Structure formats: C-alpha cells, structure tokens
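Engineer: Here's a structure for you.
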Amino acid sequence: MKILEDGLGQLNLEYTKKQLKELHKYISEIEMWNPRYGLVNAVGETLVTKHILDSLTGVEHIRALDAETLADVGSGAGLPGIPLAIMLPQLKITLIERSGKRVRFLRNVQALLGLENLTIEEADLKVVKDKFDLVTFRAFKPIEPGIVKLLLNILEEKGKLVAYKGKMGNINMEIESVKDLAKIEKIIPVTVPGLIDERHLVLYSVI
C-alpha cells in the first residue's frame, strides 16, 4: 500500500522493514474485522489516511517527551496506541478499552504482531488504578471537567495528557472549560499526509 510508505516519508519517520510489515498487518486486521465489529468508519486509503497516519503524527512529539509508560484511553480499534507501539518499541503502552468485543480484536492484533511493549486492559476508566507518564486519547470524548478528572487520576504527578484534536476553535472552548484542572503545555499543529482537515496535538499537565 504505497499511501502508507509515502505518508511515513512525509512525516519524516524512520522505520524498519519489520515495523512496516506490522503496520500493514494491523491495517489488514482492521479491514478483516471491521464489517462485523464496526471498528472504524473507513476502508482502504481513507483508513490509512484518517486513522493510521493521523495516529502517527504523534510519534516524534511523544518520543521527545522521553516517557517510559503511556496509556491510550478509549483505545477502540487501537488508535493511536497500536501504531505508537509499533513505532516506539521502547515505550510501554497500555490500551484501556471497556468494550469486550473491541478488546478481543486488540488481543488478536497483539498476538499476531507479537508486540511485547503492549498491554491491554479491559476496564472502564473509572476503575483503572495504575498511573502513567503519558495519557493519550483520540476520538474519545470532548475535553470537559468530568473526563479530565478521570484522566488525571491515572496520570503520574509530572505526567502529561496528549490529546489528538481537530479544529482550533473547538480546542479553545475545551481549554476554557477545564482551565481550573489542567494547564496547557503546548498546542502543536500537525499535518496528516493526504488529509486537509485541521489537526492538533494538545499537551496538558496537572495544575
């Protein structure tokens, strides 16, 4: 699938043959399971652009934070957690997902790819006890006080929330709603190869 290789190049991401093969296998598994499990609303090149490459826009920014552990909350089909686990093998990543059928898919992918840095936790965010250096989420829920409190509960004291977000106008509204709970560290505009939609990474820290 040339669109994947081209996209990785445009994101300036170095990768091994093994990592590329793992990404291709992951995409194939999504497409195989999607009709029955409704994992994502996209197929083919749209799947690669809107979900895989979008998830990979965070790789270098997350690498720069030099963290040891990351939780992907409301992981769903494993986005962005599985692409991050493939590209950042030194980072211990936990996928937190409460849907049993989606967890079955995630565990299948983990077994197929042999991702040793990946852990899958079938749980509602409210009952998660572990704490992480980074907590990320994508297409989870809009940032609002109730959600932020739950996310901060699983964040280490000096950890950061890394939110995959869209339009700046929406981000500004969300920031205002949680300004008493979390501090904005950085808003990073990102470009997803082949996608014209506005995308940002938003980094929050505990006040």
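Engineer: Give segment 12-62 a look and list any residue that's among the charged types (D, E, K, R) and part of a helix (DSSP H, G or I), or say none.
Structural biologist: Going residue by residue through segment 12-62, those that are among the charged types (D, E, K, R) are 14, 17-18, 21-22, 25, 29, 31, 36, 45, 50, 54, 60.
Once the filter is applied, which keeps residues that are among the charged types (D, E, K, R) and part of a helix (DSSP H, G or I), segment 12-62 yields K17, K18, K21, E22, K25, E29, E31, R36, E45, K50, D54, E60.
Engineer: Quick check on my filter: what residues within segment 107-127 are in a helix (DSSP H, G or I), over 16 Å from the mean Cα position of the chain (by Cα) and within 15 Å of L23 (Cα to Cα)?
Structural biologist: The answer is N108, A111, L112, L113.
Engineer: Can you run down the residue pairs with Cβ atoms below 6 Å, 6 or more apart or on separate chains, where the first is in segment 24-37 and over 18 Å from L4 (Cα atoms) and the partner is among the charged types (D, E, K, R)?
Structural biologist: Correct list of pairs: Y37/K101.
Engineer: Just the residues that are touching a residue at least 40 places away in the same chain (Cβ under 8 Å), touching a helix residue (DSSP H, G or I) at 6+ places or on another chain (Cβ under 9 Å) and of a type in the set (A, V, I, L, M, F, W, C), please, taken from segment 153-179.
Structural biologist: I154, L161, V162, A163
Engineer: Another one. Taking segment 84-106, which residues are within 19 Å of R138 (Cβ to Cβ), out of contact with any Asp or Glu (no Cβ under 6 Å at 6 or more places or on another chain) and in a loop (DSSP other than H, G, I, E, B)?
Structural biologist: Within segment 84-106, L88, L91, S99 meet the criteria.
Engineer: If you check V202 against the conditions, is it buried (at least 16 other Cβ atoms within 10 Å of the Cβ), β-branched (V, I, T) and part of a loop (DSSP other than H, G, I, E, B)?
Structural biologist: On the way: buried (at least 16 other Cβ atoms within 10 Å of the Cβ): yes; β-branched (V, I, T): yes; part of a loop (DSSP other than H, G, I, E, B): no.
Spelling it out, it is not the case that V202 is buried (at least 16 other Cβ atoms within 10 Å of the Cβ), β-branched (V, I, T) and part of a loop (DSSP other than H, G, I, E, B).
Engineer: Now for a different question. For I196, are the conditions met, namely being free of Cβ contacts under 8 Å to residues at least 60 places away in the same chain, under 29 Å from K21 (Cα atoms) and not charged (D, E, K, R)?
Structural biologist: It is true that I196 is free of Cβ contacts under 8 Å to residues at least 60 places away in the same chain, under 29 Å from K21 (Cα atoms) and not charged (D, E, K, R).
Engineer: Now for a different question. Against the conditions (1) surrounded by fewer than 16 Cβ atoms within 10 Å (Cβ to Cβ); (2) modelled with pLDDT of 90 or more, where does E144 fall short? Just the number, please.
Structural biologist: (2)
Engineer: Now a separate question. Any chance segment 69-83 includes a residue that's outside any loop (DSSP other than H, G, I, E, B), without any contact (Cβ under 8 Å) to a residue 24 or more places away in the chain and in contact with a helix residue (DSSP H, G or I) (Cβ under 8 Å, 6 or more places away or on another chain)?
Structural biologist: No, every residue in segment 69-83 fails to be outside any loop (DSSP other than H, G, I, E, B), without any contact (Cβ under 8 Å) to a residue 24 or more places away in the chain and in contact with a helix residue (DSSP H, G or I) (Cβ under 8 Å, 6 or more places away or on another chain).
Engineer: Here is a list of conditions, (1) modelled with pLDDT of 90 or more; (2) outside any loop (DSSP other than H, G, I, E, B), and N170 meets all of them except one; can you say which number that is?
Structural biologist: The one condition N170 does not meet is (1).
The values are calculated or read from the model by the stated rules, or taken from the named source; none is laboratory data. Being a predicted model, the structure only gives us computed values, none of them experimental. With ideal geometry, Cβ positions are generated from the backbone for all residues, glycine too; neighbour counts draw on all protein chains shown.
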